[in-house]
Amino acid sequence: MNNKFVENGKTMLKKSFSNFQEKLGEMLKPIPLHPNHITALSVLFAGAGTYFAFGGNLLAIPMFAISFALDAIDGAIARAKGLTSKFGAYMDGICDRLVEFLALLPLFLFAEFVFPALITLFFGTCMTSFSKAYASHREIADNKEAAQMKTIMPRAERVIAILIVLALFLYGEVMYAWYLLWAVAAVSVISFIFLQFEARRISKEK
């Protein structure tokens with residue numbers, strides 16, 4: 001398959017989703033909440049999801065779905081209201097990590113899930129973000145270049161996969177949940193390694 005075609009396809013999909021986010025941001029602009037409050041709400045809903053998941057309650061799934069949805073629209077609402085800020089972007093990134101941790105936390109109670117959950121949390125949630133931030137800090141890339149460094153499993157795909165794992169687990173499909181979480185863990189490691197090659201490529205071009 002033509003790599004350029006695939007790359008263009010991904011770009012078109014990402015652009016389409018960004019356009020949808022912007023339209024949604026304009027629609028939700030009248031909401032009397034600061035974008036940072038919406039970001040904080042995403043963590044609260046994730047916390048509620050964790051609470052229900054600990055009790056084996058399927059309400060955990062809509063709670064996490066709402067949390068991920070709020071996380072997807074807070075930036076668009078901030079742009080629609082003209083309230084973007086560096087602190088808002090910082091808070092958004094921190095809350096993203098917290099939400100992923102809270103989604104994986106119930107799985108840590110079960111021995112067979114601890115290792116793949118830990119790998120996903122470390123390499124997918126933490127080291128992917130750290131690699132991009134450190135590339136900027138060490139001036140391998142500027143802030144924009146670092147943010148746009150390609151990954152095999154971006155956050156959106158990762159959180160959807162984690163949500164599916166949690167849904168399978170709560171529905172009693174433990175083996176399928178275990179297999180999928182291991183797949184997410186493996187791709188998280190591969191994605192982290194791929195980022196290091198990206199950093200190397202960018203540094204050579206400068």
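FYI, it's all coordinate maths here, none of it is from the lab. All values reported here derive from a predicted model rather than from experimental measurement. Ideal geometry is used to build each Cβ from the backbone, glycine not excepted, and the neighbour counts take in all protein chains shown.
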Notebook entry, point to check: Across the range 71-130, how large is the tail of the calculated P(r) beyond 17 Å, expressed as a percent of all Cα pairs?
Noted result: 49
Next item on the list: Rounded to the nearest Å, what's the spacing between the alpha carbon centres of the range 179-195 and the range 32-47? Just the number, please.
Entry: 29
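How big is Rg to Rh over the chain, alpha-carbon atoms, Rh as the Kirkwood inverse-mean-distance radius?
Working: Rg = 17.8 Å, Rh = 18.1 Å.
Using only Cα positions, Rg/Rh for the chain is 0.98.
How much net charge surrounds Ala161 when only the other residues with a Cβ under 14 Å from the Cβ of Ala161 are counted, with Lys and Arg +1 and Asp and Glu -1?
So the environment of Ala161 carries a net charge of 0.
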Next item on the list: Sequence neighbours fewer than 8 away in the same chain don't count; with that in mind, list the aspartates and glutamates whose C-alpha is under 17 Å from Lys204.
Entry: Glu139, Asp142, Glu145
Next item on the list: Using only alpha carbon positions, build the gyration tensor of the range 113-190, then give the equivalent ellipsoid semi-axes as the square roots of 5 times its eigenvalues, largest first, whole angstrom.
Entry: 29, 11, 8
Next item on the list: Quote the relative contact order of the chain in percent (integer), defining contacts as alpha-carbon pairs under 8 Å separated by 6+ residues.
Entry: 21
